[in-house]
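Written below as structure tokens is the structure these notes are about.
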Ligand code: ASP
């Protein structure tokens, strides 16, 4: 008799486990009744694009790896603590070294986030990204997303197979920040090595350190500790909902070339770039300066030319400019000035110098 009871119980258990969700659904339903008043967890959408965070190489090594190898699912599987923070939807947008990022991928990211942000269940977004061009993607999205929901970029300096890989903690902190109330309305944020940065001021400043991201004179705007957000500042330049740039319907952006001035830099580069671009950004020396030879050629150009600096910190104002037909990048780095110029030209290919000057004071 005992034998038959045992067989019967085994069968019941087997059926419960075999019918997908059988037991689980039962216990969830019971749980639902018990937690009727609990706030909904909400969903965080993780958009994976590649980079070192998804890199794989020789076990323990920090160089010689292949970035953009692991999928979003595997990255998330490596950080089970994320399950306690939010429901996750993972989307593999691409899986590239971020030096292969393109305007087309930016436009896909903007379209996806703008569309999914309308879903009331979605609390925020995380984008995993290579650190090399993270600042460009962050600034582009900061100017083109039409949502005040948190959007947080993160990445890693050590591949997933390195000793003390930094990706898992960065990813965990990014999800916590994206699920938080504190991050609402702050524009696009970056979380890296426990620090929170605003998209406009953040840049990569080390080729190797896990503290590879910083924000120069402006500094980070907050700190993450054990998933808790400590935010101290808000970005003051226009972004997201206050931005006038709408990229919906675009499938590419105008071409803007960035030129780097150095002693004896070939002025022929300027002519070539001007012939093949819709606009130029020049990373000048000091407060945006260059040689007399370059001044002559720039004075003759008819496309918009924005002057930034090859120096990380500091400001360039109208008074610094050597050529009257140029626009001061203010505190934007050359690569970020190029994004603002591309968006301005996408909005109005015939934009006037005065209007461009105004944009560089506002964004
Ligand atoms: N080359 C890598 C990338 O930008 C570097 C990194 O992710 O840290 O994709």
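The values are calculated or read from the model by the stated rules, or taken from the named source; none is laboratory data. It should be emphasised that the depicted structure is a prediction, and the values quoted were computed from it without experimental measurement. With ideal geometry, Cβ positions are generated from the backbone for all residues, glycine too; neighbour counts draw on all protein chains shown.
Tally time: how many residues in the stretch 70-89 are without any contact (Cβ under 8 Å) to a residue 60 or more places away in the chain and crowded, with 18+ Cβ neighbours inside 10 Å?
Going through the stretch 70-89 one residue at a time, the tally reaches 1.
Does residue 165 satisfy the criteria of being closer than 22 Å to residue 76 by Cα and without any contact (Cβ under 8 Å) to a residue 24 or more places away in the chain?
Judged against the criteria, residue 165 is a match.
Only residues in the stretch 95-106 that are modelled with pLDDT of 95 or more count as the first member; pair them with residues that are in a helix (DSSP H, G or I), Cβ under 6 angstrom, at least 6 apart or cross-chain, and list the lot.
From residues that are modelled with pLDDT of 95 or more, the pairs are 106/140.
Of 137, 71, 144, which residue is under 21 Å from residue 251 (Cβ atoms), more than 12 Å from the ligand (Cβ to nearest atom) and modelled with pLDDT of 95 or more?
Of 137, 71, 144, the one residue that is under 21 Å from residue 251 (Cβ atoms), more than 12 Å from the ligand (Cβ to nearest atom) and modelled with pLDDT of 95 or more is 144.
Tell me whether the stretch 197-204 contains one or more residues that are at pLDDT below 95 and part of a loop (DSSP other than H, G, I, E, B).
No, there is no match, as no residue in the stretch 197-204 is at pLDDT below 95 and part of a loop (DSSP other than H, G, I, E, B).
Among the candidates 298, 327, 311, single out the residue that is over 16 Å from residue 340 (Cα atoms), surrounded by 20 or more Cβ atoms within 10 Å (Cβ to Cβ) and either modelled with pLDDT of 95 or more or under 23 Å from the mean Cα position of the chain (by Cα) (or both). Spell out how you get there, then give the answer.
Working: 327 fails: over 16 Å from residue 340 (Cα atoms); 311 fails: surrounded by 20 or more Cβ atoms within 10 Å (Cβ to Cβ).
After ruling out the rest, the residue left standing is 298.
Cβ contacts < 6 Å: first residue closer than 18 Å to residue 238 by Cα, restricted to the stretch 196-220; second residue within 16 Å of the ligand (Cβ to nearest atom) and in a loop (DSSP other than H, G, I, E, B), any location; separation 6+ or different chain. Result?
Once the first residue is closer than 18 Å to residue 238 by Cα and sits in the stretch 196-220, its partners that are within 16 Å of the ligand (Cβ to nearest atom) and in a loop (DSSP other than H, G, I, E, B) give 215/202.
Residue 123 passes all but one of (1) over 14 Å from the mean Cα position of the chain (by Cα); (2) more than 13 Å from the ligand (Cβ to nearest atom); (3) at negative phi; (4) surrounded by fewer than 19 Cβ atoms within 10 Å (Cβ to Cβ); which number fails?
For residue 123, the exception is condition (4).
Considering the stretch 150-184 alone, what residues qualify as being in contact with a helix residue (DSSP H, G or I) (Cβ under 8 Å, 6 or more places away or on another chain), assigned to a loop (DSSP other than H, G, I, E, B) and under 27 Å from residue 247 (Cβ atoms)?
150, 155, 183
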